[in-house]
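The values are calculated or read from the model by the stated rules, or taken from the named source; none is laboratory data. For clarity, every value in this text was computed on a predicted model and none was experimentally measured. Here the Cβ positions follow ideal geometry from the backbone for every residue, glycine too, while neighbour counts run over all protein chains shown.
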């Protein structure tokens, strides 16, 4: 199980510093949507320069113009890109193809999409399905304790990512469903000691995997 | 009827140059998603510096984290921001509120969303509904001649924007449905003479409005 650290709502320098300080515990480093929209591709380039050997996820949340956006991310050094499952199927199909062409992976973000609709993308070789509770949803409706259970019920064999509101309190439960990737953001980045907190998430994952 | 020029897949300098050369014919200048994701907020800031009195649209295509993304755009000088209708309703409601707080307008982008689903956003004061055929869809399925007709059938009184594949050939038909905004991109930016082509779009609109 991979631990992905989502870096959002900070400067590039802060993001690089947090990523560096947590590198032992974190598998995948995510350049968050807010960094990409605030600083552009420079946010990905800077992370790649700082961490040449790390898997870097560009949370570019593509809805259209997928070849252009993905190539922009790949050229800047991303290994994994995100694509909205709510995008037109022409965009999704093309995005999976473009990523395969570059030997890269797509996280298909199910934000506000019923799982049922994306069955056809469930077992693609370079696709991870991301069951995602949005930040704005969390603030309105609260974290739903059973949110991650729903994803585990369907499509056995699919590689899942879980994102949205993961904390030291609920991660054990989420990890028990054995997703391929657990995505944690502010629970680490807003912690007093991000490195130590990332280590705690890592230990939780190791417990589940033991 | 406003003519909005969408600037995509070019450098900031080129975008500013095209915007400047077409300023007599174009009402709203759109900093495209690809510019925001490639160059970040600097793309909006540069356009605002170059055209201090123009209405600037930031095609930020927000799916989540809406207050942060919108404030980023407003601080950089945007007057109008885009929000995906496919986003969670918590994001849409909050986005409309944040924009109202700043006295700004939201273009709610209906890419891959059935019109029926967004009836509740149809008559909000600071919202324009954008009937949008994606670039990737255009390349796969071709421009559908009757695409814009469908939008005009529902929700009378709504302010519409039409986007996606508008050309000198089909704009008269689209304009005949009297949208609030016609969004034109590559038909102008890829023309040999963008200024002259923008003028032709303006004349088409004036014909319909006469």
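At a glance:
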| read-out | value |
| --- | --- |
| The lone exception for residue A:29 - which of (1) surrounded by 20 or more Cβ atoms within 10 Å (Cβ to Cβ); (2) more than 28 Å from residue A:207 (Cα to Cα); (3) touching a strand residue (DSSP E or B) at 6+ places or on another chain (Cβ under 9 Å) it fails | (2) |
| Identity of the residue in region B:167-181, crowded, with 21+ Cβ neighbours inside 10 Å and touching a helix residue (DSSP H, G or I) at 6+ places or on another chain (Cβ under 6 Å), that ends up farthest from residue B:200 (Cα to Cα) | B:174 |
| So residue B:47, is it touching a residue at least 24 places away in the same chain (Cβ under 8 Å), crowded, with 24+ Cβ neighbours inside 10 Å, touching a helix residue (DSSP H, G or I) at 6+ places or on another chain (Cβ under 9 Å) and more than 11 Å from chain A (Cβ to nearest Cβ) | yes |
| Selection count where residues are in contact (Cβ under 8 Å) with a residue 40 or more places away in the chain and farther than 15 Å from residue B:191 by Cα, scope region B:4-22 | 1 |
| Of all residues making up region A:107-142, the number that are within 14 Å of chain B (Cβ to nearest Cβ) and closer than 22 Å to residue A:174 by Cα | 22 |
| Among (1) more than 16 Å from residue A:77 (Cα to Cα); (2) assigned to a helix (DSSP H, G or I) - the single one residue A:6 does not satisfy | (2) |
| Unmet requirement for residue B:67, which otherwise passes all of (1) more than 17 Å from the chain's Cα centre (by Cα); (2) within 18 Å of residue B:41 (Cα to Cα); (3) more than 9 Å from every other protein chain (Cβ to nearest Cβ) | (3) |
| Positions within region B:1-14 being surrounded by fewer than 22 Cβ atoms within 10 Å (Cβ to Cβ), within 14 Å of chain A (Cβ to nearest Cβ) and in contact with a helix residue (DSSP H, G or I) (Cβ under 6 Å, 6 or more places away or on another chain), in sequence order | B:8, B:9, B:12 |
| Residue match in region A:5-19 (condition: over 15 Å from the mean Cα position of the chain (by Cα) and under 27 Å from residue A:178 (Cα atoms)) | yes |
| Which numbered condition residue B:17 misses (of (1) within 14 Å of chain A (Cβ to nearest Cβ); (2) surrounded by fewer than 22 Cβ atoms within 10 Å (Cβ to Cβ)) | (1) |
| Any hit, region A:32-43, residues being within 11 Å of another protein chain (Cβ to nearest Cβ), in a helix (DSSP H, G or I), more than 25 Å from residue A:164 (Cβ to Cβ) and modelled with pLDDT of 95 or more | yes |
